Each structure stands twice: as structure tokens, then as C-alpha cells.
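*Asks:* Here you go, one structure.
The values are calculated or read from the model by the stated rules, or taken from the named source; none is laboratory data. From a predicted model like this one, the values you see are computed outputs, not experimental measurements. Here Cβ is always computed from backbone atoms with ideal geometry, including for glycine, and neighbour counts include all displayed protein chains. Ligands, DNA and RNA are excluded from the accessible area calculation, which covers all protein heavy atoms including side chains. Shrake-Rupley method; radii C 1.70, N 1.55, O 1.52, S 1.80 Å.
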Amino acid sequence: SDEEGIMHCFRKTSKYLIELQRSWMESTSPVYKYEDLFESKGLMLLDILDDLNFDFDRSHLLSVINENTFKKAFGRNPGEVDINSHGRSGVSGSWKAHRSDEMDEFIERELSRHIELTGYEV
């Protein structure tokens, strides 16, 4: 089931991912969130590259971003669900619709402190 799959991922990878993310959060480097990049439809990448003083062709990058939208990649708008697609819903956080009491308990017990550290709410 979706719930079993999500719980498997939580149990199997959470410790590794917490350590990885903790190293980013404790560094002095900026941290960017994927969902913010996704919400910006990729345009946040321009700001990130500018912050890095990276020399790039803006018009070419804008063209690449435009050619690789969720709609062009998956043939549907974000929010339109296809459970057989890697791009399932195209909406960050959509996994929360599959939460259960067991998941909530695991999140509270194992992940809540880290979630707060990374600027998310439990």
C-alpha cells in the first residue's frame, strides 16, 4: 500500500537523510528547498546561480526551464494525479494525504526535531 511504501522509506532512509541535511543546515552555505524551486516553476534557479556568481546564458536557461515543465514532462498539470507515474501528482507534500496514526507517531518520535531544524512544521 502507499502507507507501507512511505513507512518503508521513512524507516530505511531517515537516519541517513537526517545526517545529510543536518550537515547542510549547520554549514554557512545557503540552503534551498526543492518545493520552493518547484513553486517558482524553476525560476528560483536564476537567483541561485546569480547568488553563486555563476556565468550563464539567462535566455538559454529560461528556454530549458520552459521545455522541462511538469506538464511537458508528464503530460498533465500539477495536481492531476497518476498513481502509476513517477511524477504522481506534481505537488510537493502530497504524500501527507496517505498519513496514518503509525506514520504520525514515527514522525513525532523520530523526525520532529529534525523537521523543525530544517524550517518545516511538524
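*Asks:* Can we say residue 110 is open to solvent by 60 Å² or more (accessible area, probe 1.4 Å), under 30 Å from residue 27 (Cα atoms), in contact (Cβ under 8 Å) with a residue 24 or more places away in the chain and not aromatic (Phe, Trp, Tyr)?
*Replies:* In short, yes.
*Asks:* Can you pull out the residues in the range 75-106 that are open to solvent by less than 80 Å² (accessible area, probe 1.4 Å), without any contact (Cβ under 8 Å) to a residue 40 or more places away in the chain and assigned to a helix (DSSP H, G or I)?
*Replies:* 94, 104
*Asks:* Can you pull out every residue in the range 16-55 that is over 22 Å from residue 89 (Cα atoms), loosely packed, with under 12 Cβ neighbours inside 10 Å and not polar (S, T, N, Q)?
*Replies:* Matches in the range 16-55: 16, 19, 20, 26, 30, 31, 50, 51, 52, 54, 55.
Residue-wise test of (1) among the acidic types (Asp, Glu); (2) farther than 30 Å from residue 12 by Cα.
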{"residue": "55", "(1), (2)": "yes, yes"}
{"residue": "79", "(1), (2)": "no, no"}
{"residue": "88", "(1), (2)": "no, no"}
{"residue": "107", "(1), (2)": "no, no"}
{"residue": "121", "(1), (2)": "yes, no"}
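*Asks:* Pick from the range 107-122 the residues that are part of a loop (DSSP other than H, G, I, E, B) and under 15 Å from residue 35 (Cα atoms): which of them is modelled with the lowest pLDDT?
*Replies:* 121
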